1. By DSSP, what percent of the beta bridges with both residues in the range 4-70 are antiparallel, rounded to the nearest 5?
2. Quick one: Cα convex hull volume of the chain, Å³ per residue?
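Just so it is clear, none of the values below were taken in a lab; they were calculated from the coordinates. Just so we're clear, the structure is a prediction, and the values are computed from it rather than from any experiment.
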Amino acid sequence: MNVGMLWLDDNKRRSFAEKVQRAADYYQEKYGRSPELCLVNVQMLAAEKQIGKIKVQPVRTVLRDHFWLGMQSNSGSGH
């Protein structure tokens, strides 16, 4: 993913899945389409997970409590 929306949610009362869904709902409202991918810090998630239609992947480059949502990159497509 090269371009996306960064969302912060450090509310301790919300579940991880609820945080992803809230971010995805806002993304849908703002951009008119649902995100396909959500990147999160490795401290928040140990292994790749599916939440609804969103693939959630742990990476080292996203700060804790942040959710980077967007569309999956198609390598070599020129888009």
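1. Details: 11 of 16 bridges.
Beta bridges within the range 4-70, antiparallel portion: roughly 70 percent.
2. Values: hull volume 7.5 nm³, N = 79.
Per-residue hull volume (Cα only) is 94 Å³.
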